[in-house]
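Structure first, then comments.
Derivation of every value follows stated rules applied to the coordinates shown; laboratory data play no part. For clarity, every value in this text was computed on a predicted model and none was experimentally measured. When we count neighbours, we look across all protein chains shown, and the Cβ atoms used for this are built from the backbone with ideal geometry, even at glycine.
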Amino acid sequence: MDIAKSDIVKAIAGRDKGSYFFVLATEGDFLLLADGKRRRLENPKRKRCKHVALAGTSQSPVAGKIRSNEKVTNSELRRAIAAWSSGNPDQEGL
């Protein structure tokens, strides 16, 4: 399982089990995750790789911003995750 920056992952353990997050950074065996709602960009969740599953790779503008270290807002994260989980990629990161 090769999880990279800007991928979308699903938590499979912990109190946030079943939630989707964007990967903001990788730190060895740990990932920094944010969803823009419960886990905001200012305070990302630090979670072990073994406690998440790769849900998909997003090609949204938000993912591009994360990859290029541009400023991303919490509302952009929320919107992109909602569009991705509903299966409507046309609405990602408007």
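Taking the Kirkwood radius as Rh and the Cα radius of gyration as Rg, the stretch 27-76 has a ratio of Rg/Rh equal to 0.95. Relative contact order of the chain: 27 percent, from C-alpha pairs under 8 Å at least 6 residues apart in sequence. As an equivalent ellipsoid, the chain spans semi-axes of 19, 14, 13 angstrom, where each value is the square root of five times an eigenvalue of the C-alpha gyration tensor, largest first. Remark on Asp7: its backbone amide H falls under 5 Å from those of Val23, a criterion applied only to residues 5 or more positions apart or on other chains, H modelled at 1.01 Å from N. Counted residue by residue at 0.36 nm each, then reduced by the alpha carbon distance between them, the extension gain from Arg67 to Ile12 reaches 17.4 nm. Karplus-based coupling profile of the stretch 48-56, in residue order and whole Hz: 5, 4, 6, 9, 10, 10, 5, 8, x, with θ = phi - 60° in 6.51 cos²θ - 1.76 cosθ + 1.60 and x standing for Gly or Pro. Using θ = phi - 60° in the Karplus curve 6.51 cos²θ - 1.76 cosθ + 1.60, the 3J(HN,Hα) couplings for the stretch 5-19 round to 4, 6, 6, 9, 10, 10, 5, 10, 8, x, 5, 9, 3, x, 8 Hz; x is entered for Gly and Pro.
Ellipticity at 222 nm from helices only: DSSP H runs of n ≥ 4 in the chain, each -39500 (n - 2.57), divided by the residue count, give -6000 deg cm²/dmol. The distance between label points at Thr26 and Ala4 comes to 0.9 nm (points 7 Å beyond Cα on the Cα→Cβ vector).
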